[in-house]
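Input: a single structure, listed below in structure tokens.
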Amino acid sequence: MSCQCASYGPLELSRDPILKRLREAKRIKKTLDVLVQDESEHVALYRCRDCGSFWQSGRQWGFGPDGFDEYLFQVPAISIEEWQREHYRQPAAMMMYSVAMSERYGWTPPPERDVPCEGVGCGRKAIRLSVHCLEHDIAHGRLVGSVPPEPRGRVFPPYETRRTKP
């Protein structure tokens, strides 16, 4: 069986393409060999036995009939040791983070007010509806749990140039 790796491009960071890839995972895996698994994160690194391309599995709450099903995405070649040190960032996590941040801040940074940020030693202006600048508002939101943590993992093309926060 020859692979179809070249027919799969980068995942668009929206729900439907990720769900589609989730449905395609079993077919894609037919030409992949597992290089290494991380059971604690429920992810694995694969290599196609036909073309040599690398793939990583991803799991994100809210995707799939069981709510936590596996999908696959292509990643740059990497040594097992480097991957074990830091996995690639999962597209579904990036998408969900972007949605959460846009719900809080909109798709463009909130306007500044003519009031200084109350962050210690900060010289920036506070943003609308906050006593902090954007950076300190995000940090404070993470402390109190109203802003999600930025997705973990190694950023890779084409996602390294995408904005994941306002």
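Take Trp61 and tell me if it is touching a strand residue (DSSP E or B) at 6+ places or on another chain (Cβ under 8 Å), at pLDDT below 90 and either over 18 Å from Tyr8 (Cβ atoms) or not in a loop (DSSP other than H, G, I, E, B) (or both). Answer is yes for this residue.
Of all residue pairs spaced 6 or more apart or on separate chains, those with beta-carbon atoms under 8 Å, a first member in region 88-112 that is surrounded by 14 or more Cβ atoms within 10 Å (Cβ to Cβ) and a second member that is assigned to a helix (DSSP H, G or I) and of a type outside the set (A, V, I, L, M) are Arg89/Tyr159; Pro91/Tyr159; Met94/Tyr159; Met95/Arg15; Arg104/Gly141. Pairs linking a residue in region 34-50 that is at positive phi to a residue that is aromatic (Phe, Trp, Tyr), with Cβ atoms under 8 Å and 6 or more positions apart or on different chains, are His42/Phe68. Identification of helices (runs of 4 or more DSSP H) wholly contained in region 78-166 with 1 or more residues that are closer than 17 Å to Gly58 by Cα, within 11 Å of the chain's Cα centre (by Cα) and not charged (D, E, K, R) yields 91-105. Just name the residue that is nearest to the chain's Cα centre (by Cα) out of those in region 1-43 that are among the hydrophobic types (A, V, I, L, M, F, W, C) and part of a loop (DSSP other than H, G, I, E, B). It comes out as Leu13. Answer yes if at least one residue in region 84-103 is hydrophobic (A, V, I, L, M, F, W, C) and at pLDDT 95 or above, and no otherwise. Looking through region 84-103, none of the residues is hydrophobic (A, V, I, L, M, F, W, C) and at pLDDT 95 or above. For Gly119, the requirement of being in contact with a helix residue (DSSP H, G or I) (Cβ under 6 Å, 6 or more places away or on another chain) and touching a residue at least 12 places away in the same chain (Cβ under 8 Å) is met. In region 64-77, the residues that are assigned by TED's automatic domain parsing to the domain that holds Phe54 and modelled with pLDDT under 80 reach residues that are surrounded by 12 or more Cβ atoms within 10 Å (Cβ to Cβ) and of a type in the set (Ser, Thr, Tyr) with C-beta atoms within less than 9 angstrom, at least six apart or across chains, in these pairs: Gly64/Tyr71.
The values are calculated or read from the model by the stated rules, or taken from the named source; none is laboratory data. Worth saying up front: this structure is predicted, and the values here are computed from it rather than measured. Every residue, glycine among them, receives a Cβ derived from its backbone with ideal geometry; neighbour counts consider all protein chains shown.
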